[in-house]
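Enquirer: First, the structure itself, so that you have it in front of you.
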Amino acid sequence: MAESQTSNRAQAIGPARPDGRLRRVVFAAAALAIAVPLGLIMLYRFINPPLSTLMAGRLLTGGSVSQTWVPLEKMSPHLVAAVVANEDARICKHWGVDWNAVEEAIDEAEETGKQPRGASTIPMQVAKNLFLWPQRSYVRKAIEIPMAYSLNALWPKRRIVEIYLNIAEWAPGVYGAEAAARHHFGKSSTAITKREAALLAAALPNPYVRHAGRAGPKTRRLARHIERRTAKSPPYLPCIAPR
C-alpha cells in the first residue's frame with residue numbers, strides 16, 4: 001500500500017521538466033559571466049593583468065605578443081598627457097561613459113550622413129581590450145558600458161589610465177607604451193618626447209594603418225593638433241596626478 005502511494009506520488013510529480021533545467025543552466029551561466037569579470041576587476045585593482053583578451057586572441061591565432069609592463073610614474077608625462085587628451089579629455093568629469101561625447105558623435109553623424117565616430121572613453125576601452133572582443137556590435141557595447149561603470153567605481157582613474165597604457169595595441173602584436181616606444185622609436189617610454197608622444201597618440205585609434213615611427217601626412221597632421229592641445233594643459237589631469 002505504501003509502495004503504491006509512493007509510486008502514485010512519483011507519477012504525479014514526474015521527471016524534472018527540461019525547461020526548468022535550462023533556466024537553471026542559463027541563470028548559472030549568467031551569474032558566472034558577471035562574477036568572473038567582477039572578480040578580475042577587483043583583483044586587477046592591485047595586481048597587473050598578465051594578459052588581455054586581445055593578446056590572448058592573437059596568441060591563439062598564432063601571432064606574437066610584445067609587452068613590457070611599466071608603472072605610470074615611469075612613463076613620459078608627455079605620453080600620458082597626449083593619449084588622455086586625444087582619447088578621453090573629460091576623463092576626470094565622467095563616471096565611465098561620456099554621454100556628452102556620445103551625443104556629439106550622434107549629432108555629427110546625422111549632419112554628415114556618415115557612421116558615428118567612436119565616443120569610447122578610456123574606461124570603456126579598458127573594458128573592451130581587457131575583457132571583451134574588438135569587433136563592434138550592440139552586444140559588445142551593452143556589456144562594455146556597465147563594465148566601464150564598474151571599472152570607474154572600483155579603480156582610481158590613475159589606475160584605469162595605467163592599465164590602458166599598458167594593454168593598448170600600438171602596432172600589430174605590440175601592446176603597451178613601453179613596447180610601443182621601443183618598436184617605433186627605439187627608446188624607453190620614459191624618454192618619449194612631446195612630438196613622439198603626439199605621434200603615438202595619433203596612431204593609437206588605428207595602429208594597423210597609422211605608424212607612429214613612420215607617420216604619413218594624416219598622422220603627422222593629427223599629431224601636430226594633439227601637440228598643440230597638450231601644450232595648453234598640465235602633464236597630468238587632477239584625477240590622474242601622482243600623489
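The values are calculated or read from the model by the stated rules, or taken from the named source; none is laboratory data. It should be emphasised that the depicted structure is a prediction, and the values quoted were computed from it without experimental measurement. We place every Cβ from the backbone using ideal geometry, glycine too, and count neighbours over all the protein chains shown.
Enquirer: For Gly96, indicate whether it is on the phi > 0 side of the Ramachandran plot, at pLDDT below 95 and surrounded by 18 or more Cβ atoms within 10 Å (Cβ to Cβ).
Expert: So Gly96 passes the test.
Enquirer: Across the stretch 196-219, which residue is farthest from Pro71 (Cα to Cα) among those that are buried (at least 16 other Cβ atoms within 10 Å of the Cβ) and among the charged types (D, E, K, R)?
Expert: Taking the candidates together, the pick is Arg210.
Enquirer: Of all residues in the stretch 116-172, which are farther than 19 Å from Glu103 by Cβ and β-branched (Val, Ile, Thr)?
Expert: Correct list: Val126, Val139, Ile143, Ile160, Val161, Ile163, Ile167.
Enquirer: Inside the stretch 163-189, can you point out the residues that are of a type outside the set (Gly, Ala, Ser) and farther than 22 Å from Gly57 by Cα? Steps first, please.
Expert: Filtering the stretch 163-189 down to residues of a type outside the set (Gly, Ala, Ser) leaves 163-167, 169-170, 172, 174-175, 178, 182-185, 187.
Within the stretch 163-189, Arg182, His184, Phe185, Lys187 qualify.
Enquirer: Could I ask something else about it? Please enumerate the residues belonging to the stretch 135-166 that are crowded, with 22+ Cβ neighbours inside 10 Å and either at pLDDT below 90 or in contact with a strand residue (DSSP E or B) (Cβ under 9 Å, 6 or more places away or on another chain) (or both).
Expert: Asn166
Enquirer: Would you be able to say whether some residue in the stretch 153-164 is in contact (Cβ under 8 Å) with a residue 40 or more places away in the chain, within 22 Å of Arg45 (Cα to Cα) and part of a strand (DSSP E or B)?
Expert: no
Enquirer: Output the residues belonging to the stretch 1-60 that are modelled with pLDDT of 85 or more and among the β-branched types (Val, Ile, Thr).
Expert: If the condition is that a residue be modelled with pLDDT of 85 or more and among the β-branched types (Val, Ile, Thr), then Ile41, Ile47, Thr53 are the ones that fit.
Enquirer: Looking at (1) of a type in the set (A, V, I, L, M); (2) in contact (Cβ under 8 Å) with a residue 60 or more places away in the chain; (3) more than 20 Å from Val174 (Cβ to Cβ), which is the only condition Ala231 fails?
Expert: Of everything listed in (1) of a type in the set (A, V, I, L, M); (2) in contact (Cβ under 8 Å) with a residue 60 or more places away in the chain; (3) more than 20 Å from Val174 (Cβ to Cβ), Ala231 misses just condition (2).
Enquirer: In addition: When you scan the stretch 42-88, how many residues do you find that are within 14 Å of Ala198 (Cα to Cα) and either part of a helix (DSSP H, G or I) or among the acidic types (Asp, Glu) (or both)?
Expert: Number of matching residues: 11.
Enquirer: Next up: Quickly run through the stretch 58-68 and pick out the residues that are in contact (Cβ under 8 Å) with a residue 60 or more places away in the chain and exposed (fewer than 13 other Cβ atoms within 10 Å of the Cβ).
Expert: Correct list: Gly63, Ser64.
Enquirer: Would a scan of the stretch 194-216 turn up a residue that is of a type in the set (S, T, N, Q) and part of a helix (DSSP H, G or I)?
Expert: no
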